[in-house]
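A short worksheet on the structure shown next.
Quick note: the coordinates plus some simple rules give every number you see, no bench work behind them. Since the structure is predicted, the reported quantities are computational estimates derived from the model, not experimental observations. Heads up, the Cβs are rebuilt from the backbone with ideal geometry, glycines too, and the neighbour counts pull from every protein chain shown.
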DNA sequence: CTGTTAGCGCATTCAT
DNA sequence: ATGAATGCGCTAACAG
């Protein structure tokens with residue numbers, strides 16, 4: 001059994017009127033709610049000031065004299081006070097929480113966005129409330145209600161809000177809402193992202209420019225992936241053989257989908273995949289069948305995953321600035337709460353095709 | 001620009017005394033907090049009952065007559081009422097929120113745990129508060145305080161609580177705490193996981209049993225990975241060439257680390273990696289150098305990533321039941337809040353070596 | 001700069 | 001089965 005490592009035991013010198021801290025026993029005390037937790041009232045009493053002065057000393061120290069500030073700080077230490085934000089939020093109407101709603105955490109494409117969102121929020125004193133819709137519209141509505149019940153200062157969605165009921169409810173709620181990873185002229189409130197249709201068209205034009213004839217699509221079944229496929233088909237000017245993959249979207253599915261696609265189109269010479277993981281799977285399957293990538297088959301992904309640049313062959317993909325989406329979403333909400341007006345609703349961050357070895361193939 | 005898809009616009013028939021809903025205008029109303037949101041008071045008035053009866057109708061419908069229940073439900077619809085959980089929590093001491101603390105969302109090993117945690121909590125009406133420590137102990141303490149301020153009904157940590165101050169504070173707080181993905185005889189409250197030292201030893205014995213002589217380790221610098229390395233070295237009975245990789249832990253780092261390791265140990269014939277992504281990187285780099293895996297070099301990972309079984313060669317790894325950790329953590333907290341006693345503190349879920357092609361190599 | 005008063009919206013007591 | 005009173009812990013508004 002590994003020993004815990006950590007800083008040498010530092011015993012807090014807790015001296016309080018209702019304190020009963022016993023160093024040697026602390027580890028063994030089974031449910032030591034001791035007494036109840038200290039409130040601002042206790043801090044105020046210990047500091048010899050009124051409750052509101054203690055409150056100000058903590059939330060707006062500038063307006064308090066240095067002497068009382070010091071007294072309150074000492075009282076906070078001695079009582080082990082931790083503020084109750086729920087109570088504060090009730091009065092102040094600021095919960096310092098932001099709801100983040102993702103289809104599923106396992107969709108790695110969105111992780112950099114969620115991570116950046118969480119980091120930027122934390123830096124501003126906010127906390128992220130996370131929820132997963134599992135790509136189901138009913139779930140989305142329930143989840144949004146559950147979030148609204150917690151009075152978040154903002155809501156960040158991966159994707160657009162699907163349910164019309166939810167859209168109306170959100171608009172009426174007055175809560176800042178940022179939809180992301182897509183684009184629309186009519187967001188609930190604000191939208192940060194890009195057009196998936198345009199991504200598909202751009203990749204399609206790229207394929208056309210290469211002169212490939214026997215192209216195919218290997219795609220997830222979610223709405224955005226389908227939009228990209230539609231754009232791709234538009235650019236090609238004709239329908240193309242397609243393998244649609246149910247979630248989750250992993251390497252095994254990429255392999256299986258390429259098999260399916262090769263049955264439909266044995267002469268396949270280029271394939272457009274809806275994620276880099278699927279592209280990776282296609283490459284693995286191709287290699288297992290003696291199909292060389294890119295010499296015999298060009299492969300393009302989407303999302304610029306953290307492995308794509310360093311594989312052999314490296315994977316051509318579409319890059320989206322996921323962290324920027326998260327940072328911007330957080331900033332927009334924090335700024336709005338600071339009183340900034342809602343000046344701009346649409347933020348199209350665009351995308352960029354990154355050409356790598358997996359499409360380095362002559363026509 | 002893609003059009004939003006979705007259900008045809010369904011306009012809620014909102015008829016309320018303070019309603020001013022204007023279908024055609026709703027999209028353009030800039031900050032339409034209309035009036036303030038309906039409270040339970042408004043629902044009660046609309047239903048012709050007292051506030052507390054409305055409260056009971058929603059939280060404990062069995063004790064209310066069918067007639068009043070129907071009236072209240074109608075009133076909820078007509079007012080568009082969404083409960084304010086913050087207010088309820090203040091009185092009831094149940095926030096229906098659980099804090100989840102992870103090193104970083106980008107560490108994919110933990111995602112199945114967080115996903116399962118979130119799902120199980122949501123099913124029980126709880127919401128996940130997510131925070132990231134970035135593997136920094138100071139950050140951990142601040143984050144825990146920020147979480148405690150929000151009065152969570154439980155705290156789930158990936159890893160053990162490092163700071164002794166934080167451990168004491170958590171113990172005194174009375175909040176159920178579940179530490180995960182590690183094992184200790186002295187958790188803050190409960191721990192679900194396994195011994196990383198034992199994992200290292202098991203993999204070490206596995207390597208010894210294969211008779212490999214020139215083994216190396218390619219590892220992340222975090223505490224748990226180092227524990228595994230220590231166990232590995234113990235099983236080997238001697239120190240081994242090691243490349244330590246700073247976070248983040250991606251494919252490129254795996255490639256680079258193998259280069260480094262090969263400089264230290266040119267005759268390397270087996271390498272133990274602290275994640276499957278690093279193992280993947282090692283395999284890619286080996287192949288680029290004409291080193292065959294597994295014929296010339298055996299490679300073992302950790303975590304059983306979603307790509308490991310389907311690569312060619314498939315990657316030998318250590319499987320941990322990540323989803324079970326998350327589900328169990330959620331259940332323990334929910335049950336404790338339901339009044340179940342704290343009967344058991346230690347849950348060692350063990351691990352399992354999954355032997356695949358990447359170690360299919362004679363001595 | 002500090003204190004007093006008055007709630008935020010709901011759920012727990014206790015009453016009926 | 002329903003209601004009245006009370007207060008959770010904190011902060012906005014005013015006062016001094």
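Structure values in brief
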{"item": "Part-to-part distance (alpha-carbon centres) for the range B:56-76 and the range A:253-302, which is given in Å", "result": "58 Å"}
{"item": "Two-site label geometry, residue B:338 and residue B:234: point separation in nm, points 7 Å out along Cα→Cβ", "result": "3.8 nm"}
{"item": "Where a label projected 7 Å from the Cα of residue B:59 along Cα→Cβ would reach, residues of the range B:132-155 with amide N under 16 Å", "result": "B:153"}
{"item": "Inter-centroid distance (Cα atoms) of the range A:324-363 relative to the range B:84-144, Å", "result": "26 Å"}
{"item": "Calculated [θ] (222 nm, deg cm²/dmol) that DSSP helices of n ≥ 4 give over chain B, each run adding -39,500 (n - 2.57)", "result": "-12500 deg cm²/dmol"}
{"item": "Using a 7 Å Cα-to-Cβ projection, residue A:138 label spacings across copies, nm, ascending", "result": "5.0"}
{"item": "Directionally averaged shadow of the range A:178-222, computed from the convex hull of its alpha-carbon atoms, nm²", "result": "4.1 nm²"}
{"item": "Antiparallel DSSP beta bridges within the protein assembly as shown, percent to nearest 5", "result": "15 percent"}
{"item": "The range B:196-318, Rg to Rh (Cα coordinates; Rh as Kirkwood inverse mean 1/r)", "result": "0.92"}
{"item": "Rough spin-label spacing in nm, given labels placed 7 Å along Cα→Cβ, for residue A:185 and residue A:267", "result": "4.1 nm"}
{"item": "FRET efficiency for residue B:247 and residue A:288, using Cβ-Cβ distance with R0 set to 41 Å, rounded to 0.05", "result": "0.80"}
{"item": "Folded to 0 to 90 degrees: helix A:223-236 orientation relative to chain A principal axis, Cα", "result": "30 degrees"}
{"item": "Label 7 Å beyond Cα on the Cβ vector: residue A:87 copy-to-copy distances, nm", "result": "1.8"}
{"item": "Chain A: proportion of alpha-carbon pairs further apart than 29 angstrom, %", "result": "55 percent"}
{"item": "Length-normalised contact order of the range B:101-204 in % [C-alpha pairs under 8 Å, at least 6 apart]", "result": "20 percent"}
{"item": "Relative contact order (%) - chain A, alpha-carbon pairs under 8 angstrom, separation at least six", "result": "14 percent"}
{"item": "For the protein assembly as shown: rounded, prolate or oblate by the Cα gyration tensor [a/c cutoff 1.5]", "result": "oblate"}
{"item": "The range A:196-318, relative contact order in percent, only Cα pairs under 8 angstrom and at least six apart counted", "result": "24 percent"}
{"item": "Cα-based helix-to-principal-axis angle, A:251-264 vs chain A, degrees rounded to 10", "result": "20 degrees"}
{"item": "Peptide ranges A:275-285, A:109-119 listed from the most packed, as the mean C-beta count within 10 angstrom indicates", "result": "A:275-285, A:109-119"}
{"item": "On Cα atoms only, tilt of A:66-79 relative to the major axis of chain A in degrees", "result": "80 degrees"}
